[in-house]
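S.K.: This structure is in structure tokens; I'll ask about it shortly.
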Amino acid sequence: MPRTSPLLLAALLCAGCSHVATRNAPDALDTTDLYGTLEPFAEHAVYFVVTDRFVNGDPANDHREQGGAHRTFDIPVRCPDGIDGNIGYLGGDFRGVLDNAGYIRDMGFGAVWITPIVDNPDEAFTGGDPISCNSTLSDRGKTGYHGYWGTNFYRLDEHLPSADLDFRGFTDGMRAAGLKTVLDIVGNHGSPSWTMPTAQPGFGQIFDAQGRLVADHQNLPPQQLDPAGNPLHAFYSNVGPVDAKTGSIFDGNLAQLSDFDAANPAVMAYLAGAYLQWIDQGADAFRVDTIAWMPHAFWREFAERIRTRHPGFFMFGEAFEFDANRIAEHTWPGNGGISVLDFPMKQAMDEVFAQGAGFERLAPSLHLEGGPYANPYELTTFYDNHDMPRMDASDAGFIDAHNWLFTARGIPVIYYGSETGFMRGRAEHAGNRAYFGQARVDAAPAHPIHAALTRVANLRRTTPALQRGLQLQLELEGDRAAFYRVLDVEGRAQIALVLLNKGEAPWQAEVTRWLEPGTWRDALDGGTRAVTDRLQATVPAHGLRVFVLDAVPRRADLRARLRQAMDGRLGGPR
């Protein structure tokens, strides 16, 4: 993963804060830096929107008549319980996100992840398997509203910009509002490419920056492609579906999507060139779709091309896998040094905050020392997204999940609508990606989940120790969690003590272990308290308390434990 120059540390650690202590004079303490990560992007929590489903800010770009017989706008999927899905475009666009940048920023987020912006086919797909409320990897009748079916990776999809708002204008506007743009990118595939009764325009085709056709699947299954004999087939892999019983599913194609040939230099040149173009227009970071479906060598070269032009550019990938040892490989420097979404932690969070397991279930997923990840503090942490059912939790469960997500290690990611428990428990075609809309945005601040999320997310935004500090466990058991987050870099230091309670009754907490004497401040409720050898606090039901000491950690036992954590945090091949 990219590292930060020490010259930038002061700015990084003091961004949005006024309490970080500075060591003004030499003392007897060792000068070992203590931190989880210095990655600049770790400062930001991420709000994830499926752009088409957030807010329709400009009806002029809806293209409601597009597609003719295979129309693309508003295609409901009727579900037996009366809560329907939709596989057509619903009008969300750049304007809808930008108009609500203040809403997102006020919640405490510093970045917005948007779905792919590249041009997608202009019809609904006629091949594939029929869609039902519970189906997965079924695409018949579906459109490219989500953005993952690219046909021209150099051109904006027409549903997103407005006459006065292109991608550059969008990213400029987001930065002016205090938000970075995380662009979702695809390197594994283009649009669905075969099983159509009759070939459809765009599907299985790739066009270059000048609009010239450079690849065409020609509605043929992969095994019938002739990459050596037909130049239009050379972009694609001719390995067909692979049954998991006979080989890894990652060796073959995903559904009927046109599968790019990772070994073809033209594919790399095309994709790297396209995504460098979008960085030049303001993309601040990438989320990499289906990273596990392309070999490590591909992503290593891709990362080198991106970071040669943009040193330290942050990327995190989607490897839909719950085995930490498997997904950790993507984070290793030799494989591209790309962070990943923390699927093992997602699985644990679902059990803890939706199914009633104790906090101890989270411990194995932390991998704070001696773990497989290049750096666990740079993982992006989440509990659901657009590719799986939304978390089916109570309001209290969402509040508890957010209290953990914004205080524990990692970079938090929240899926749009989760601030109100929107469509909780719903799968992809059953409402997971339902339209949110301006009315729901306007009403959200009155919701208890939103209020609690705003409180803890803004706490993280102004507390460097919660963004980058080492994590030391005190207790993870049942309904209680207690841990430190500690930062001491270049003489700038902060210690945060986090106390979480997901139970129904208040917790009378008492902390003595590794407790640094000094004047601690109550970071959420205000006030200070002088601490010598113990700190006592009442943690409300489904609540948290966070105490912060803006001072260098001096206790010998604490500092020794922190050095151990510092030495052990990096994993994988060096």
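S.K.: Using beta carbons and a limit of 8 Å, which pairs, at least six apart or on different chains, have the first residue in region 96-124 and farther than 29 Å from ILE206 by Cα and the second one open to solvent by 10 Å² or more (accessible area, probe 1.4 Å) and hydroxyl-bearing (Ser, Thr, Tyr)?
M.R.: What qualifies is ASP106/THR454; MET107/THR454; GLY108/THR454.
S.K.: For TYR373, state whether it is in contact (Cβ under 8 Å) with a residue 40 or more places away in the chain and open to solvent by less than 10 Å² (accessible area, probe 1.4 Å).
M.R.: yes
S.K.: What is the number of the single condition among (1) out of contact with any Pro (no Cβ under 7 Å at 6 or more places or on another chain); (2) closer than 29 Å to ALA348 by Cβ; (3) in contact (Cβ under 8 Å) with a residue 24 or more places away in the chain that ARG534 does not meet?
M.R.: (2)
S.K.: May I ask you to list the residues in region 296-321 that are part of a loop (DSSP other than H, G, I, E, B) and either at pLDDT 95 or above or among the small types (Gly, Ala, Ser) (or both)?
M.R.: Result: HIS310, PRO311, GLY312, PHE313, GLU318, ALA319.
S.K.: Please give the number of the condition TRP520 fails out of (1) of a type outside the set (Ser, Thr, Tyr); (2) at positive phi; (3) free of Cβ contacts under 8 Å to residues at least 60 places away in the same chain.
M.R.: For TRP520, the exception is condition (2).
S.K.: Go through ASP280, ASP259 for me and flag whichever is more than 18 Å from the chain's Cα centre (by Cα), over 30 Å from LEU38 (Cα atoms) and of a type outside the set (A, V, I, L, M, F, W, C).
M.R.: Exactly one of ASP280, ASP259 is more than 18 Å from the chain's Cα centre (by Cα), over 30 Å from LEU38 (Cα atoms) and of a type outside the set (A, V, I, L, M, F, W, C), namely ASP259.
S.K.: Same structure, new question: Any chance you could count how many residues in region 101-115 are open to solvent by 10 Å² or more (accessible area, probe 1.4 Å) and not charged (D, E, K, R)?
M.R.: Matching residues across region 101-115 total 2.
S.K.: Now, a different point. In region 194-221, how many are at positive phi and within 33 Å of the chain's Cα centre (by Cα)?
M.R.: Residues that pass the stated criteria total 4.
S.K.: All but one of (1) surrounded by 16 or more Cβ atoms within 10 Å (Cβ to Cβ); (2) without any contact (Cβ under 8 Å) to a residue 60 or more places away in the chain hold for ALA297; which doesn't?
M.R.: Tallying (1) surrounded by 16 or more Cβ atoms within 10 Å (Cβ to Cβ); (2) without any contact (Cβ under 8 Å) to a residue 60 or more places away in the chain, ALA297 fails exactly one: (1).
S.K.: Identify the single condition in (1) part of a helix (DSSP H, G or I); (2) in contact (Cβ under 8 Å) with a residue 24 or more places away in the chain; (3) open to solvent by 10 Å² or more (accessible area, probe 1.4 Å) that MET345 does not satisfy, given that it satisfies every other one.
M.R.: (3)
S.K.: Let me ask something else about it. Is it true that GLN205 is farther than 16 Å from ASP122 by Cα and without any contact (Cβ under 8 Å) to a residue 60 or more places away in the chain?
M.R.: no
S.K.: Condition check: of a type in the set (Ser, Thr, Tyr), in a loop (DSSP other than H, G, I, E, B), crowded, with 21+ Cβ neighbours inside 10 Å and at negative phi. Does TYR383 satisfy that?
M.R.: yes
S.K.: May I pose another question? Quick one: in region 119-134, of everything that is assigned to a loop (DSSP other than H, G, I, E, B), touching a strand residue (DSSP E or B) at 6+ places or on another chain (Cβ under 9 Å) and not hydroxyl-bearing (Ser, Thr, Tyr), which residue is most open to solvent (accessible area, probe 1.4 Å)?
M.R.: For region 119-134, the residue satisfying everything is ILE131.
S.K.: Out of curiosity, is ASP243 open to solvent by 50 Å² or more (accessible area, probe 1.4 Å), over 17 Å from PRO192 (Cβ atoms) and modelled with pLDDT under 95?
M.R.: Yes.
S.K.: Of the conditions (1) in contact with a His (Cβ under 7 Å, 6 or more places away or on another chain); (2) in a helix (DSSP H, G or I); (3) open to solvent by 10 Å² or more (accessible area, probe 1.4 Å), ARG433 satisfies every one except a single condition; which number is it?
M.R.: Single failed check for ARG433: (2).
S.K.: Which ranges mark the strands (runs of 3 or more DSSP E) fully within region 493-574 that have 3 or more residues being open to solvent by 50 Å² or more (accessible area, probe 1.4 Å)?
M.R.: 528-531
Residue-wise test of (1) part of a loop (DSSP other than H, G, I, E, B); (2) open to solvent by 10 Å² or more (accessible area, probe 1.4 Å); (3) touching an Asp or Glu at 6+ places or on another chain (Cβ under 8 Å); (4) closer than 29 Å to ARG300 by Cβ.
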{"position": "ARG140", "(1), (2), (3), (4)": "yes, yes, yes, no"}
{"position": "TYR148", "(1), (2), (3), (4)": "yes, yes, yes, yes"}
{"position": "THR171", "(1), (2), (3), (4)": "no, no, yes, yes"}
{"position": "GLY178", "(1), (2), (3), (4)": "yes, yes, no, no"}
{"position": "THR181", "(1), (2), (3), (4)": "no, no, yes, yes"}
{"position": "GLY190", "(1), (2), (3), (4)": "no, no, no, yes"}
{"position": "ALA199", "(1), (2), (3), (4)": "yes, yes, no, no"}
{"position": "ALA209", "(1), (2), (3), (4)": "yes, yes, no, yes"}
{"position": "ALA215", "(1), (2), (3), (4)": "no, no, no, yes"}
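S.K.: Here is a follow-up. Just need a number here: residues in region 55-85 that are in contact with a helix residue (DSSP H, G or I) (Cβ under 9 Å, 6 or more places away or on another chain) and part of a loop (DSSP other than H, G, I, E, B).
M.R.: 8
The values are calculated or read from the model by the stated rules, or taken from the named source; none is laboratory data. As the structure is a prediction and not an experimental result, all values here were calculated from the model. Neighbour counts run over all protein chains shown; Cβ positions are idealised from the backbone, glycine included. Note: accessible area is taken over every heavy atom of the protein model, side chains too, but ligands, DNA and RNA are not part of it. Shrake-Rupley method; radii C 1.70, N 1.55, O 1.52, S 1.80 Å.
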